[in-house]
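A short write-up of the structure that comes next.
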Amino acid sequence: MAHSPEVIQELTDKTKIIRQNILRIFEASRMGHCGGTMSLVEIVTALYFHHLKLDPKNYDWPERDRVVLSKAHAAEAIYAVLPEIGYVPKEALDKYYCYRSPFQGHADRWCTPGIDYSGGSLGQGLSFASGMAQAEKIKTAINPPDLHVSAGNMLRSIMSFNPLYRVFCIVGDGELHEGQNWEAAMFAGKYKLDNLICIVDYNKYCISGPVEQIMPLSPLDEKFKAFGWWVKEIDGHNLTEIVDTLDLANNLYGDGKPKCIIAHTVKGYGIPVWEKVHMHYGRAEGITIALKEGREIYG
Amino acid sequence: MVKFNKYVQIGPPAGTPAATQAAMDKLVQKYNNIVLVLEDMAMPFELDWFKKNAPERIVECGVAEANAAVIAGALAAEGFMPFVFGFTFSAIERAYNQIRQSILIDRFNVKLMARDGVWGDLGVSHDIVEGIGCTRVLPNLVILNAADVVEAEKAFLAMADYIGPVYFRMEYSAPNPMRIFTNDYPFEIGKAYTIKDGKDATIIATGYLVTEAIKAIDILEKDGLDVGIIDMSTLKPLDEEAIIKAAEQTRAIVTAENGTIIGGLGEGVAAILAENAPAALVRVGVEDEFAQSARLTSEKDELKDLFGLGAQDIAISVKEAIAKREKFKLTRKK
């Protein structure tokens, strides 16, 4: 399903605002997980501004789509989105890392409206997302949706059949080294969690070097496929591809397969100095130069 | 009120299928959000009920405890009350960080039932000494440990009524405890129960060791000593008030637990005593070593002597505590 250029243009404009917000976060905090945050911008923009079922007035809506940010160190990407939805005031952007701030160092369900999972200890998010997806299955089994329809509109009703909510899980590539991810992959495959969509932010770099050197992951697609997942690889900075693939994954609901979207991204995307050194964590002098550069590009 | 009915009868081990089954019978009627999160360990309770009436509420994770703990956290986040069952070494220690990150930080309503304690037939891997110590340090976690079948059932029901994470420590492998409590025993999370008051010393025991403490009192009675017993069924939060009161009354405290004395009940009591009511203290427990297999009752008795967990050991420790009190010149409240 192709999208109109207007939709894509609108989302592209949003990514600019999100990048501005991220710059504002870093300008106030003078430090942060910049690389993994910048590589996520297009993905979270497509999710929050096009895809997710959510209620801007009620972040706790029971039927909202869940987002589990397993790579919780990249919470800045979602922190930059939340004020745009209206879950937190925009001033909170200046309070990243601060005491009593809604924007804690790592994503924290307890402190931040709109965060569904407290992460930070890597490799657990996919399990949590699987648990939430399984909860949806149990809820639906206990209270089945009303499918009683006349023969005439049967087809339409089947096509519009949706889960109570979907669960989107964003995992980093480095954290896929954690064995627990594969326990979760096995679990999701077993329980046919087609309401679970895992997005791998495949930016190819860990803290201390290229993922393939530290501990090779490839072939990543075959790994997920072996556990019974539907897998698609995309360019994680191409909004058209992201939006189309998310739609496709949605439309495949009912096939009994958890979905994995492997998004090839660039660490530090959008800020040339960060892209060049695959910056993981910026601070002090380095971040000042990068932020100056960022402001020149994004205003 | 409950009578101190010592030596009434020897019952089945606390927290056995019998006790949990009886409690679960009541719970499935009361709560319709209970989910069993299995780790290839058959739940000792109501599995058949769930299979028959609510198969969708059985979530089998296989031998993957780390995943299972997080799955349980997520199910709780969605409003369910997951029960996880396993051994301490697997369900708790294998998934330690997962419990911390994905259950405790957000206080998810997960009930962790795990077998703990040194006497066992399964050997050093499965019979755990450090269960209390390794969990007591975790914020947001309530730790319960029942002394007999009646208390196990009541603690189980209270655990379900409490909204938040609980570690229910089960000493399946310990010898059969006495039937200590009658059905009108008013169990409450966080409240220690004074089984008997004494003026010469107080034993603060938990789990199976309450039985040994009761036997120890009989031994000490013959020596003319009036010794009290407190059943510390909630290991976290500890009932400070009861500990301070006992310390002021007797100034000689003995703690007794089925596990290592490092980080366990004894250390918890020691901290409260040191800060609030100085008293002579002797800790009964395993002295910084691992467990061993023991199948026959006679062998279990041998292990009891080896680890120094029997009534005789407790009685000796009480005398030691009293001697210390005299040495430290601590005076009792009149």
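Laboratory data are not the source of any read-out in this text; all were calculated from the coordinates shown. Everything quoted here is computed from the prediction, not taken from an experiment. Don't worry about glycine lacking a Cβ; one is built from the backbone with ideal geometry, like all the others, and counts go over all protein chains shown.
Numbers for the structure displayed
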{"quantity": "Signed unit charges on C-beta, dipole axis of the stretch B:193-327, positive-most listed residue B:SER317, B:THR260, B:PRO237", "calculated": "B:SER317"}
{"quantity": "Alpha-carbon radius of gyration plus Dmax, which is the widest Cα pair, for the stretch A:1-82 in Å", "calculated": "13.5, 42"}
{"quantity": "Anisotropy class of the protein assembly as shown from Cα gyration tensor, a/c 1.5 cut", "calculated": "prolate"}
{"quantity": "Integer Hz, Karplus 6.51/-1.76/1.60 couplings in order for the stretch A:109-126, x for Gly and Pro", "calculated": "4, 5, 9, 10, x, x, 9, 9, 9, 7, x, x, 8, 5, x, 9, x, 5"}
{"quantity": "Sequence of A:MET279, A:MET186, B:MET170 once ranked by neighbouring C-beta atoms within 10 Å, starting from the fewest", "calculated": "A:MET186, A:MET279, B:MET170"}
{"quantity": "Relative exposure of A:TRP274, A:TRP182, judged by other C-beta atoms within 10 Å (fewest first)", "calculated": "A:TRP182, A:TRP274"}
{"quantity": "Mean separation of Cα contacts under 8 Å, 6 or more apart, over the residue count of the stretch A:5-298: relative contact order %", "calculated": "24 percent"}
{"quantity": "Order of B:THR206, A:THR15 under a 10 Å beta carbon neighbour criterion, fewest first", "calculated": "A:THR15, B:THR206"}
{"quantity": "Cα-based radius of gyration of the stretch B:240-334 once divided by 2.2 N^0.38 Å, which approximates compact folds", "calculated": "1.19"}
{"quantity": "Dipole axis of chain A (+1 Lys, Arg; -1 Asp, Glu on Cβ), positive-most option in A:SER218, A:ILE22, A:GLN9", "calculated": "A:ILE22"}
{"quantity": "Only Lys, Arg (+1) and Asp, Glu (-1) charged, at Cβ; the protein assembly as shown dipole about Cα centre in debye", "calculated": "1080 debye"}
{"quantity": "Rounded to the nearest 20 debye, dipole of the stretch A:5-298 from Cβ charges on Lys, Arg, Asp, Glu", "calculated": "480 debye"}
{"quantity": "The stretch A:227-270: C-alpha gyration tensor shape, a/c 1.5 cut-off, then a/b vs b/c", "calculated": "oblate"}
{"quantity": "Shape category assigned to the stretch B:17-170 from the gyration tensor of Cα positions, a/c cut at 1.5", "calculated": "rounded"}
{"quantity": "Cα-Cα over 28 Å, subset of B:LYS154/B:LYS324; A:LYS53/A:LYS259; A:LYS53/A:LYS192", "calculated": "B:LYS154/B:LYS324"}
{"quantity": "Over chain B, relative contact order from alpha-carbon pairs under 8 Å, at least 6 apart, %", "calculated": "18 percent"}
{"quantity": "Over 20 Å [Cα-Cα, the stretch B:123-219], rounded percent", "calculated": "43 percent"}
{"quantity": "Total charge dipole magnitude, the stretch B:193-327, about the Cα centre, Cβ charges on Lys, Arg, Asp, Glu only, Debye to nearest 20", "calculated": "160 debye"}
{"quantity": "Those aspartates and glutamates that a straight Cα-Cα span of less than 17 Å connects to A:LYS57, excepting residues fewer than 8 apart in one chain", "calculated": "A:ASP65, A:GLU84, A:ASP116"}
